[in-house]
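Structure, as structure tokens:
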Amino acid sequence: MSNKTLQLYRQLIRESKKFKSYNFKEYSIRRVSLGFRENKNVKNSEELDKLYKSAEENLQMLKRQTLINSMYAHNKLVVEQ
Amino acid sequence: MYNSSRYLVKSMRSFVSHSSKNNCIVNNRSVNNIGSFRNFATLATPNVTAKEETVEKPQEKKPIYLDMQATTPIDPRVLDAMLPLYTESYGNPHSKTHDYGWTSNELVEAAREQVAKVIGADPKEIIFTSGATESNNLAIKGVARFYRDKKKHIVTTVTEHKCVLDSCRHLETEGFKVTYIPVKENGLIDLKVLEDAITPETSIVSVMMVNNEIGIIQPMKEIGKICKAKGVFFHTDAAQAVGKIPIDVNEMNIDLLSISGHKIYGPKGVGGLYVRRRPRVRLDPIITGGGQERGLRSGTLPSTLAVGFGKACEIARLEMDHDKKWVKFLYDRLLKGIQENVPQVKINGDLDARYFGNLNVSFSFVEGESLLMAIKDVACSSGSACTSSSLEPSYVLRSLGLEEDMAHSSIRFGIGRFTTIDEIDFTINLLTKHVQRLRDMSPLWEMVQEGIDLKTIEWDQEH
């Protein structure tokens, strides 16, 4: 993983953790790491660019949605600490 | 808020004795509930009101959600696609004279394409409706009424959703004949019975793709083939199927297909109906007016909902493999956990031909509703949400040939994209504890433990 990609990965995970909703948080973390794992062997630079771009869009989406999610946060679920 | 409470206070004055502006601070809750207003107004003194407002309840933890067949949470990605339409792009998608309209129209048409793609259809064949109930009504009543002069017969199954059964019942009062095909013990229909039920009079066959209560998948391809050979239209209620199992309307020979937005992590209040264009399926519209949606469903499109629905379809299509794997993984875990820890359970519906996000289990000798109360930290239901207010056992389970007591003791667990491993393990633990506890209280369970066959017992009361 290049430095740039690693940084993006970390940002996505950090942002995912900001979800107040337990289910969204868990899914987001799971989905982000799965996405990076699945594509770790992609070498084609065109495809890499595409992946990178979509990950950046997702990062922006996460920034907006985690904020909205936190504004309407509910009580925690019974499975949460 | 102020205005509305003043209005209420005034209008209630005739039967509330001491209501003045000071001691009758109407909070949000009582504004919505006129019925409880009287109580509130007579009891409320300034002190009590102040106390009520300041004392906060201790943070109670919320139950986990395992009722994905009833509805699903909105995916944040869907909400993200919808918000621009709730803020800036508010144009009427049918306005052809200005930029606001054009923008809205473009967004809606893009959504239509996303919906079409998930079922392998052409965007022109998708009609936006208010949900799967409307789609089912439009499909069945629409086709039946349009072809009523020549064909007056409808074929459907006994395990359909209420909105299909009720549409059919409605048509019966209009003089149509309806055949309700029974299902086998595993919930699937017998194709031979279906074939025999179709007559030259039949205009439409309606069979749901994935059952909402037991999750079984009907053999769409085979039914489609029969319908094509017999020359009748094939409608399917795919509210529980779209985005969860692969669908191709051409491969399956489907002529009409109903979709719901809120079952696929989209918004409530929107759905779609696929209507085949070649060969053309003609419908008598239920809602007439401005002629939107090819004249089949007039009324301004809820552009925001349509866009959310489209986005939900797109995510479902792209994430189908991930979701399927995850849901199957959790299903296996839940099933194994229940089977290992709770004796005497029965899984309802076929074990293989099913969507694995649905697990319907009967816990013998336990009353379903009391189990639901006992495991109130898990939000699930004993059947469909539409009938959850009645204590009648599910008609779907009864039609599988289940005894009344088994139908009464069933619980439906819905697993979805956002369900976690911890939630499944939590559910297994809770079930293990409470099923045993409830059975220990049951005299029937005691008798079974002593080796008495319950069927041989002669009960005093006839019923």
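The values are calculated or read from the model by the stated rules, or taken from the named source; none is laboratory data. Every value quoted in this text rests on a predicted model; they were computed, and no experiment measured them. In this analysis, Cβ positions are derived from the backbone assuming ideal geometry, glycine residues included, and neighbour counts consider all displayed protein chains. Note: accessible area is taken over every heavy atom of the protein model, side chains too, but ligands, DNA and RNA are not part of it. Shrake-Rupley method; radii C 1.70, N 1.55, O 1.52, S 1.80 Å.
Okay, here's what the table says:
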read-out: Entirely in the stretch B:124-209, the helices (runs of 4 or more DSSP H) that have 2 or more residues that are open to solvent by less than 10 Å² (accessible area, probe 1.4 Å) and either touching a Pro at 6+ places or on another chain (Cβ under 8 Å) or among the aromatic types (F, W, Y) (or both); value: B:132-146
read-out: Yes/no for B:T456 being modelled with pLDDT under 90, among the hydroxyl-bearing types (S, T, Y) and buried (at least 17 other Cβ atoms within 10 Å of the Cβ); value: no
read-out: Scan of the stretch A:11-31 for residues that are away from every other protein chain (no Cβ under 12 Å) and either closer than 24 Å to B:D422 by Cα or in contact with a His (Cβ under 9 Å, 6 or more places away or on another chain) (or both), ordered by number; value: A:L12, A:I13, A:R14, A:K17
read-out: Residues satisfying the stated conditions in the stretch B:323-348, i.e. open to solvent by less than 80 Å² (accessible area, probe 1.4 Å) and within 16 Å of B:Q69 (Cα to Cα); value: B:D323, B:V327, B:K328, B:L330, B:Y331, B:N348
read-out: Residue within the stretch A:34-54 that is within 11 Å of another protein chain (Cβ to nearest Cβ), out of contact with any His (no Cβ under 6 Å at 6 or more places or on another chain) and either hydrophobic (A, V, I, L, M, F, W, C) or crowded, with 18+ Cβ neighbours inside 10 Å (or both) present; value: yes
read-out: A:N58 being more than 9 Å from chain B (Cβ to nearest Cβ), more than 16 Å from B:P73 (Cβ to Cβ) and open to solvent by 60 Å² or more (accessible area, probe 1.4 Å); value: no
read-out: Meets criteria (at pLDDT 95 or above and assigned by the TED database to the domain that holds B:Y147) for B:P285; value: yes
read-out: Residues of the stretch B:82-96 satisfying the condition of being of a type outside the set (S, T, Y), out of contact with any helix residue (DSSP H, G or I) (no Cβ under 7 Å at 6 or more places or on another chain) and in a helix (DSSP H, G or I); value: B:L83, B:P84
read-out: Top-ranked residue in the stretch B:399-437 [being open to solvent by 20 Å² or more (accessible area, probe 1.4 Å) and touching a helix residue (DSSP H, G or I) at 6+ places or on another chain (Cβ under 6 Å); ranked as nearest to the other protein chains (Cβ to nearest Cβ)]; value: B:H434
read-out: Check on B:L305, open to solvent by 30 Å² or more (accessible area, probe 1.4 Å), in a loop (DSSP other than H, G, I, E, B) and modelled with pLDDT of 90 or more; value: no
read-out: Pair list, Cβ under 6 Å, 6 or more apart: the stretch A:65-81 residue at the interface with chain B (Cβ under 10 Å from one of its Cβ atoms), other residue assigned to a loop (DSSP other than H, G, I, E, B) and open to solvent by less than 40 Å² (accessible area, probe 1.4 Å); value: A:T66/A:F19; A:N69/A:F19; A:N69/A:S21
read-out: Test result for B:P285, in a loop (DSSP other than H, G, I, E, B), farther than 23 Å from B:P219 by Cα and open to solvent by 10 Å² or more (accessible area, probe 1.4 Å); value: yes
read-out: Breaking point among (1) in contact with a Gly (Cβ under 6 Å, 6 or more places away or on another chain); (2) open to solvent by 20 Å² or more (accessible area, probe 1.4 Å); (3) not in a loop (DSSP other than H, G, I, E, B), for B:F234; value: (2)
read-out: Test: residue in the stretch B:85-108 that is within 14 Å of another protein chain (Cβ to nearest Cβ) and touching a residue at least 40 places away in the same chain (Cβ under 8 Å); value: yes
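Conditions (1) open to solvent by 20 Å² or more (accessible area, probe 1.4 Å); (2) within 14 Å of chain A (Cβ to nearest Cβ); (3) of a type outside the set (V, I, T); (4) touching a His at 6+ places or on another chain (Cβ under 9 Å), marked per residue:
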residue	(1), (2), (3), (4)
B:G299	yes, no, yes, no
B:R317	yes, no, yes, no
B:D350	yes, no, yes, no
B:F356	yes, no, yes, no
B:V361	no, no, no, no
B:E369	yes, no, yes, yes
